[in-house]
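Worksheet: the structure to be examined is printed underneath.
The values are calculated or read from the model by the stated rules, or taken from the named source; none is laboratory data. Keep in mind the model is a prediction, meaning the values are calculated, not measured. Quick reminder, even Gly has a Cβ in these numbers, built from the backbone with ideal geometry, and neighbours come from all protein chains shown.
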Amino acid sequence: MQVDRFRDHPFLSFVDWSLRGIGQVVFQNNPLSGLIILAAVALNSWIYAAICVLGVAASTATAVILKADRAILRDGLYGFNGALVALALVAFTSEDFRSGAVPSPAMLAYLICAAAMTTMAFASITAVLAPHRIAALTMPFVLVGWLFLFAILKFDALDAGPMGKPVSPEYFTQTMPYVFSTWYRGVGTSIGQIFFQDNWITGYVILAGIAVNSRICAAMGLLGAIAGTAIAALYGGPETAVRDGLFGYNSALTAMALGGVFLVLTWRSLLYALFGAAVASWLWVSITTFLSPLGMPALTSSFVLVTWLMLLGQGAFKALVPVPPAQSTTPEENRARYLASQSS
Amino acid sequence: MQVDRFRDHPFLSFVDWSLRGIGQVVFQNNPLSGLIILAAVALNSWIYAAICVLGVAASTATAVILKADRAILRDGLYGFNGALVALALVAFTSEDFRSGAVPSPAMLAYLICAAAMTTMAFASITAVLAPHRIAALTMPFVLVGWLFLFAILKFDALDAGPMGKPVSPEYFTQTMPYVFSTWYRGVGTSIGQIFFQDNWITGYVILAGIAVNSRICAAMGLLGAIAGTAIAALYGGPETAVRDGLFGYNSALTAMALGGVFLVLTWRSLLYALFGAAVASWLWVSITTFLSPLGMPALTSSFVLVTWLMLLGQGAFKALVPVPPAQSTTPEENRARYLASQSS
Amino acid sequence: MQVDRFRDHPFLSFVDWSLRGIGQVVFQNNPLSGLIILAAVALNSWIYAAICVLGVAASTATAVILKADRAILRDGLYGFNGALVALALVAFTSEDFRSGAVPSPAMLAYLICAAAMTTMAFASITAVLAPHRIAALTMPFVLVGWLFLFAILKFDALDAGPMGKPVSPEYFTQTMPYVFSTWYRGVGTSIGQIFFQDNWITGYVILAGIAVNSRICAAMGLLGAIAGTAIAALYGGPETAVRDGLFGYNSALTAMALGGVFLVLTWRSLLYALFGAAVASWLWVSITTFLSPLGMPALTSSFVLVTWLMLLGQGAFKALVPVPPAQSTTPEENRARYLASQSS
């Protein structure tokens, strides 16, 4: 295919793998998706875009140095956790969460090490999950992110910043009514928050980047963000947190994972995915509450937890058609392959 | 057998599976045991009895909808975690822990979703543990229970209640002497607390429900509760917490699991089970202390943790005779089968 | 060999296994190493030396009673976690962390049970990790240690002591300059802290005990401690914590594990091990921060976490040559075997 032009190019393959790495945050093994997402991030902040590139390059390069399996490298799978951990470290140590701040040299060394560590964590978690035929998802990022964020609070040479961004609903005390902009901004920002971008336009551009590779994924991401936001509204989540997309980003990822990527999309798995999106919204609150005494963000932990809990036991439920991670491409192709195997 | 009359009945099978689900909380695959236990709960509070039925029905129905394996459904194994999570959500959000309160519609929807989630968690944890030939125990309940309880604290539409029930020894400040009633009430309430029933008579009726199916199980449950309570007394646990059965419920479950259900009952495994019961009592305190900054109850986590730690490595110790979960029926039958295999 | 003289002796084998158990804390399957380390501990405090013997004997005896596999017993592997948990329980309940205090009878019974529990935890964790061909490391100690330490805080009959020893960098408020003694004492005490010995001379004697069996291990332990201490200095860790060896003990263990014991020592694995040592120092801070609201020490958790994360995925990286735990002897022999297999 045209999009695979540089995948094995002698010089540009690393760029291709890195762009796929950015796309893989939202399950898109496509360098063009990665490029559009990177542009969406840059639209919000050049600093974040640069940090995103640095993170994905550091973790992908670590995999190259350690002579990792080429097939996994070529899918960009060693990069997406590195991109996220680099973004998280900058986001939660910047005075202004929205735009980010240029990191100090000590911080730069620190975040490159964190990104490198996600490569080892990805290999480890993948090895542990291999017999269960489910993917590591963003767990390497969540684990390494928490561990490297906690340490920051205690080192003089690393500025923890004011942890200025409200990361839990606790911070929102005033009650504000939901208005129309709560909805369309909340849903868009939900997608943006996957990449720590507090910008609803960025969110919709990211959706466009996803749609380039898979329209089902983009639709499921949108549906998931809406479901997470609706749960927050129904159960009285604070308006400002909803508007900031905090209730929706885990739901968007969960809906994509369960609605087509790791389960063949059917009416049953659609409902299963929406149930998962609702639970991911509740559990984001739960994990945030658990971590709040430490001032630590939940990251994408509720997405990982819900998706694992709903996929690990997939063999027990005949109503679901699992897609092993190694065979999953796009929801469209996964479904076509399944239908072909049924009719033959 | 007579008790299996309705197990495959076209209409009543679901009732049979649900009653077995209630029995499976204490390892009894017997609808009559489930019925007696339900009556014991109703003796304390009609609300809790109704919630118990709702929980077990919701999680069993989820398994039916997802087309789960019929053999596991017929053993009631998809129901027991749902019953517990529904009871826990009501218990810890009711103004009066003892009698419970009728949940609001938002809460009802919430607890049905939690019960449904235990079905997926049960399938997942079972799949992960399958190669080690040990059971999921009440881990699906503990995990889903914690996650859904934490979230409650932050939603306007869900009333967290005063969390009125003392859930940790920290709450008991006054020192009271142990008297005779501390013991017989503490031991009885320990059995009751497995189902969140703060009522010692209910506890003894539950024991009778267990004895209908297995006298060894009932005896081990009683011994475990006594061991847990004795540890508390020896190590200076507060009288009121002992009286409320808080030190004994994990010990009772641990003693049943190790003393006959998952290990063939011998003198060695009897001592092993009592050691486990003692450790479960200590570790209940430990986990309670860990969770106390968050005001979260330990649920049955110390039972699960101790039992897993004492069973996962079973292959390494020739002094123990493991019973794989899929083959375990009652301690009596497990022992008879083992003796038969030895003599042949 | 001469050092194996008593390994199968009818009466002295238990002593041999116990001494190997002490050596296995730092990966040395050699009774002489164990004896020198015990002497190093005694040099600091006779109480700790006695407790160390009690712990290793209690957990080894538990394995004998449970009829554990003789090959694992003979390597001292059932003992090292028991020694550590006994030391930890005394260290964190003594008024003076440095010298320790003679435990009460209730405490003695408690720590023997904790040591016995590590035997079951070791078998369990080893069983879970077996398919991944990595070792349990000190995880049984960390897990049982945390669980049994938390419970102490709540029992009247067990004195939690003043938790006098600063266990987290938070406790150090004054800023003091680094001097030469910060370095040589900090590095030595890092080795001592592996056994809870706050004494730099003890640390260097322990290194000598390691060198008796493997010079590479001793060198890697020293390098790891230096790396951990250097990271603390670079990132502004407090002088007193550095001097007390708190930043270095996890790094020393990590460097030994990755630099020769579980990976064949090459230039690549040397760098890999030093990277791990640096990360283990950061993550010690992280875990300490996470546990600080509870006043709980990190123990050797950052060593276990980093080493597992860097070994579990070993199959994915062709740049590393793993040594399965069952085949690992000393770094020297592991390397010689690998070179022999390459040349043949």
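Identify, from the list B:R98, B:R70, the residue that is under 30 Å from B:G315 (Cα atoms), over 17 Å from the mean Cα position of the chain (by Cα) and of a type in the set (K, R).
Of B:R98, B:R70, the one residue that is under 30 Å from B:G315 (Cα atoms), over 17 Å from the mean Cα position of the chain (by Cα) and of a type in the set (K, R) is B:R70.
Are any residues in region A:109-153 surrounded by fewer than 21 Cβ atoms within 10 Å (Cβ to Cβ), more than 7 Å from chain C (Cβ to nearest Cβ) and without any contact (Cβ under 8 Å) to a residue 40 or more places away in the chain, and if so, which ones? Result: A:A109, A:L129, A:A130, A:P131.
Results for (1) more than 27 Å from A:V212 (Cα to Cα); (2) touching a Lys or Arg at 6+ places or on another chain (Cβ under 7 Å); (3) outside the structural domain of A:V128 (by TED's automatic domain parsing); (4) outside any loop (DSSP other than H, G, I, E, B), shown as yes or no for each residue.
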position: A:F290; (1), (2), (3), (4): yes, no, yes, yes
position: A:L299; (1), (2), (3), (4): no, no, yes, no
position: A:F303; (1), (2), (3), (4): no, no, yes, yes
position: A:T307; (1), (2), (3), (4): no, no, yes, yes
position: A:M310; (1), (2), (3), (4): yes, no, yes, yes
position: A:S328; (1), (2), (3), (4): no, no, yes, no
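Quick one: in region B:262-296, which of the residues that are modelled with pLDDT under 90 and away from chain C (no Cβ under 11 Å) is nearest to the chain's Cα centre (by Cα)? Filtering first and then ranking leaves B:M296. Residue check: is C:G236 in a helix (DSSP H, G or I) and either assigned by TED's automatic domain parsing to the domain that holds C:R335 or touching a residue at least 12 places away in the same chain (Cβ under 8 Å) (or both)? So C:G236 does not fit the description; no. Counting only residues that are closer than 20 Å to B:A68 by Cα and buried (at least 24 other Cβ atoms within 10 Å of the Cβ), which one in region A:297-308 is nearest to the other protein chains (Cβ to nearest Cβ)? This residue is A:V306.
Pick from C:V26, C:V41: which is β-branched (V, I, T) and more than 23 Å from C:Q327 (Cβ to Cβ)?
C:V41
For region A:31-56, the set of residues classified as buried (at least 24 other Cβ atoms within 10 Å of the Cβ) and under 23 Å from A:F262 (Cα atoms) consists of A:P31, A:S33, A:G34, A:I37, listed by residue number. Scanning region B:135-157 for residues that are at pLDDT below 95, not basic (K, R) and not in a helix (DSSP H, G or I) returns B:L153, B:F155, B:D156, B:A157.
Among the residues of region C:253-269, those that are among the β-branched types (V, I, T) and assigned to a helix (DSSP H, G or I) comprise C:T254, C:V261.
Among the residues of region A:106-153, those identified as farther than 15 Å from A:V304 by Cα, touching a Ser or Thr at 6+ places or on another chain (Cβ under 6 Å) and hydroxyl-bearing (S, T, Y) are A:T118, A:T119. Residues that are in a helix (DSSP H, G or I) and within 17 Å of the chain's Cα centre (by Cα) within region A:204-215 comprise A:Y204, A:V205, A:I206, A:L207, A:A208, A:G209, A:I210, A:A211, A:N213, listed in sequence order. Taken over region A:309-318, the residue count meeting the criterion of being in contact (Cβ under 8 Å) with a residue 12 or more places away in the chain and facing chain B (nearest Cβ under 7 Å) is 2.
Only one of the numbered conditions (1) farther than 20 Å from A:R7 by Cβ; (2) surrounded by fewer than 20 Cβ atoms within 10 Å (Cβ to Cβ) is not met by A:S94, and that is (2). Going through (1) over 20 Å from A:F148 (Cβ atoms); (2) in contact with a helix residue (DSSP H, G or I) (Cβ under 7 Å, 6 or more places away or on another chain); (3) β-branched (V, I, T); (4) part of a helix (DSSP H, G or I) one by one, A:V90 falls short only on (1). Of the residues C:A255, C:A211, C:A219, the single one that is surrounded by 24 or more Cβ atoms within 10 Å (Cβ to Cβ), out of contact with any Lys or Arg (no Cβ under 7 Å at 6 or more places or on another chain) and among the aliphatic types (A, V, I, L, M) is C:A255.
Which of the following residues is within 14 Å of chain B (Cβ to nearest Cβ) and either touching a Cys at 6+ places or on another chain (Cβ under 7 Å) or hydrophobic (A, V, I, L, M, F, W, C) (or both): C:A68, C:A40, C:A57, C:A50?
That would be C:A68, the only listed residue that is within 14 Å of chain B (Cβ to nearest Cβ) and either touching a Cys at 6+ places or on another chain (Cβ under 7 Å) or hydrophobic (A, V, I, L, M, F, W, C) (or both).
Of the residues B:G245, B:G228, the single one that is more than 14 Å from chain C (Cβ to nearest Cβ) and buried (at least 24 other Cβ atoms within 10 Å of the Cβ) is B:G245.
Step by step: first the residues of region B:319-329, then only those that are touching a Leu at 6+ places or on another chain (Cβ under 9 Å) and without any contact (Cβ under 8 Å) to a residue 60 or more places away in the chain, then the one that is surrounded by the most Cβ atoms within 10 Å (Cβ to Cβ). Which residue is that?
So, considering only residues that are touching a Leu at 6+ places or on another chain (Cβ under 9 Å) and without any contact (Cβ under 8 Å) to a residue 60 or more places away in the chain, the one surrounded by the most Cβ atoms within 10 Å (Cβ to Cβ) is B:L320.
Listed by first and then second residue, the pairs with beta-carbon distance under 8 Å, at least 6 apart or on different chains, first residue in region A:171-184 and at pLDDT 75 or above, second not charged (D, E, K, R), are A:Y178/A:A233; A:Y178/A:V242; A:T182/A:V242; A:W183/A:T229; A:Y184/A:W200.
The lone criterion from (1) at pLDDT below 95; (2) among the small types (G, A, S); (3) buried (at least 19 other Cβ atoms within 10 Å of the Cβ) left unmet by C:A160 is number (3).
Screening A:V102 with (1) facing chain C (nearest Cβ under 9 Å); (2) in a loop (DSSP other than H, G, I, E, B) gives one miss only, at (1).
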